[in-house]
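Quick note: the coordinates plus some simple rules give every number you see, no bench work behind them. Treat the numbers as computed from the prediction; the structure is a model and nothing was measured. FYI the Cβ positions are ideal-geometry reconstructions off the backbone, even for glycines, and counts take in every protein chain you see.
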Amino acid sequence: MLQLKQVSKAFHNGTKALSSVDLTVQKGELVILLGHNGSGKSTLLRTVGGLESLSSGEIFLDGRSISQANGKELRQLQKEMGNVFQKFNLIPNISVFQNVLFGALGRHPSVITTFHPFAKKELRESAMHCLERVGLGHLASRRADQLSGGQQQRVAIARMLIQEPTVVLADEPIASLDPKAGIEVMNLLIEVAQEQGLTLICTLHQLDLALTYGNRFVGLNNGKIVLDELKTNQTVHSFDRLYYEQKEILTHV
Ligand SMILES: Nc1ncnc2c1ncn2[C@@H]1O[C@H](COP(=O)(O)OP(=O)(O)OP(=O)(O)O)[C@@H](O)[C@H]1O
């Protein structure tokens, strides 16, 4: 379980990106974070991921504080949280297979044992299994920069899977993709999250896709939570209402 308690974040330039955010996400929930540009979505994900300090408040993963953790504790917590970014962040001039192995560094923290040509058989099998899971086993030896955007994001998902996280933080994972590739990647992300019981927090700008994929919707405006709804039969109607009556608080679609 992930818990944000009265989380606020102000940057040095005075921008208040998050204000008194309270949010509890249960294991296995698929939360879609909505909000217009600058509403605080990325900052929220970065604070949960321990990449950004808090101005006040506290964040817990299964009762352990992320925001108060020391270096070693934070690295342990970060191993349990996988990231998928808008920019795929692959290493361009090495193979797809080696990019996936990079995700295992959290579990096998020695670069030598991870990347040695005779890296542990179990680790190599695991990387191949993750690549096959995202439908790219046949491209294992190809250079990462020779893949399409959709394929690169699949590799990023395989790299996240080998890490064996319990929580996945996905920041606009399909924003760089064309609509068809974007839907394929979202389908994959949701499938693997459901298969493995992962908790997913994903920012999206498209309300229609949010409704398709989320089972809970959290809306941010000016760093504050202004919407928190579970998906029910009524959700579509409530979104219609929110969209037409208060669309400025959600997303410009
Ligand atoms: N490192 C930083 N230094 C100063 N201000 C920042 C920094 N990062 C973000 N901000 C500001 O904090 C606010 C929230 O930004 P954030 O990136 O979290 O929004 P967002 O909802 O993810 O936006 P987008 O949809 O455009 O990605 C914005 O006003 C932004 O300009």
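Only helices enter this figure: runs of n ≥ 4 DSSP H residues, each worth -39500 (n - 2.57), summed and divided by the residues of the chain, yield -11000 deg cm²/dmol at 222 nm to the nearest 500. A simple count of charges around Q98, restricted to other residues whose Cβ falls under 14 Å of its Cβ and scoring Lys, Arg +1 and Asp, Glu -1, yields +3.
What's the local net charge at K224, with K and R +1, D and E -1, over the other residues with C-beta under 13 Å away? Its environment carries a net charge of +1.
Put simply, the Cα atoms of the chain extend 58, 42, 33 Å along their principal axes, the longest span coming first. Using 7 Å Cα-to-Cβ label points, what is the K120/Q26 separation (nm, one decimal)? It works out to 3.4 nm between the two label points. Full extension of the chain between N70 and E58 gives 2.9 nm of extra length, using 0.36 nm per residue less the Cα-Cα distance. Proximity of backbone amide H atoms, modeled 1.01 Å from N, is registered between A170 and V84, I201, C202, T203 at under 5 Å, excluding neighbours fewer than 5 places apart on the same chain. With both labels modelled 7 Å from their Cα along Cα-to-Cβ, the T15 to S148 distance reads 3.4 nm. Here the chain is assigned +1 on the Cβ of each Lys and Arg and -1 on the Cβ of each Asp and Glu. Its dipole about the Cα centre then comes out at about 680 debye.
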